[in-house]
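The values are calculated or read from the model by the stated rules, or taken from the named source; none is laboratory data. Note that the structure is predicted; figures quoted are calculated from it, not measured. Backbone-built Cβ (ideal geometry, glycine too); neighbour counts: all protein chains shown.
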Amino acid sequence: MDYTLPQFLAHAIALEREAAERYHELADMMEAHRNDEVSALFRDMVRYSQLHHDSIVERAANTALPAIGPWEYCWRTPPEAGGDEAFDYTINAYDALRYARENELRAMQYYAGAGQSSTDPEVKRLAAEFAAEETEHVEAIEDWLARTERPAAPWAADPHRGT
Ligand code: ZN
């Protein structure tokens, strides 16, 4: 899609708003598990998404933004939640992080793709900047994943754990 600047800004605002909401849920979930460290990570992510959202809204202050309908980007529900059910509050830190990473990757790919397909130089510039930001989020989550114990999954043999 060859985004115009208003279209791109409208989508970016929606994307960041959704990320903030999902991270808020994930943070609450980790708090319920008394995993304060991962909860704090997700609270940081809420803050980054909100700051980003606010700065895009500011950037768009003099732009008439189009209404956007449902689109290809929205956070996928974690596999254990199943369908359109609400978040499963039993999700563990490892799966929560993996889930967040997958959605961050999709955000990064979304921005990168939008920048590549747009012919508007300002869209290209902003999209590259936003994609770089998402890449940092992916890396932050991967750092945490590397330090987080993978839960035992008796139904699936894990070659890295031995049985
Ligand atoms: Zn992000």
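Summary of computed values
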item: Some residue of the range 122-144 being β-branched (Val, Ile, Thr), surrounded by fewer than 20 Cβ atoms within 10 Å (Cβ to Cβ) and more than 16 Å from the ligand (Cβ to nearest atom); result: no
item: Some residue of the range 75-89 being modelled with pLDDT of 85 or more and touching a Ser or Thr at 6+ places or on another chain (Cβ under 8 Å); result: no
item: Of all residues in the range 93-121 being among the hydroxyl-bearing types (Ser, Thr, Tyr) and more than 16 Å from the chain's Cα centre (by Cα), the one that is farthest from the ligand (Cβ to nearest atom); result: Thr119
item: Among the candidates Leu65, Leu15, residue that is of a type in the set (A, V, I, L, M), modelled with pLDDT of 90 or more and within 16 Å of the chain's Cα centre (by Cα); result: Leu15
item: Failed criterion for Trp144 (all others in (1) over 30 Å from Asp2 (Cβ atoms); (2) modelled with pLDDT of 95 or more hold); result: (2)
item: Selection from the range 113-125 of residues that are part of a helix (DSSP H, G or I) and in contact with a helix residue (DSSP H, G or I) (Cβ under 7 Å, 6 or more places away or on another chain); result: Ala114, Gly115, Glu122, Val123, Lys124
item: Any pair with Cβ under 7 angstrom, 6 or more apart, that starts in the range 123-138 at a residue that is free of Cβ contacts under 8 Å to residues at least 24 places away in the same chain and ends at one that is more than 9 Å from the ligand (Cβ to nearest atom); result: Lys124/Gly115; Lys124/Ser118; Ala128/Gly115; Ala131/Tyr111; Ala131/Ala112; Ala131/Gly115
item: Pick from the range 1-60, criterion more than 14 Å from the ligand (Cβ to nearest atom) and hydroxyl-bearing (Ser, Thr, Tyr), ranking: surrounded by the most Cβ atoms within 10 Å (Cβ to Cβ); result: Tyr3
